[in-house]
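Quick notes on the structure that follows.
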Amino acid sequence: MALTRDFKATIQARALRDAGFRQGLLVEGIESLLAGDTETGKVLLRDYINATIGFEGLALLIKTPSKSLLRMFSPSGNPTAKNLFAVLYTLQQKEGVQLHIQAG
């Protein structure tokens, strides 16, 4: 199901004014991936990217075509570990956070 422009604009507006919301999208996206829920993880990360740096901006930073990034985070996308970790590293740097894994 495609998101409407109003929904995307709402997410972007909230992300721009609320650092906690932005960080929550990023953290939840990564936690979903680590929990094996790749579909949810990709959706949350796609929303985060769209609401913050954008796919064009991310493409410039990690030197990967934006169309490739869009495919990676599409419902049928299957990013390589190299590309996924490059994206996650870059998003953490841009957000100014450093996420850690804790055994529990």
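The values are calculated or read from the model by the stated rules, or taken from the named source; none is laboratory data. Note that this is a predicted model, so its numbers are computed, not measured. Please note: Cβ atoms are built from the backbone with ideal geometry, for glycine as well, and neighbour counts cover all protein chains shown.
Do you know which residues across region 90-104 are exposed (fewer than 13 other Cβ atoms within 10 Å of the Cβ) and not polar (S, T, N, Q)?
The answer is GLY96, HIS100, ILE101, ALA103, GLY104.
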Out of all the residues in region 52-78, which are under 18 Å from SER32 (Cα atoms) and either in contact (Cβ under 8 Å) with a residue 12 or more places away in the chain or among the hydroxyl-bearing types (Ser, Thr, Tyr) (or both)? MET72, PHE73, SER74, PRO75, SER76, GLY77
SER66 is checked against (1) more than 14 Å from the chain's Cα centre (by Cα); (2) at pLDDT 95 or above and fails just one. What number does that condition carry? (1)
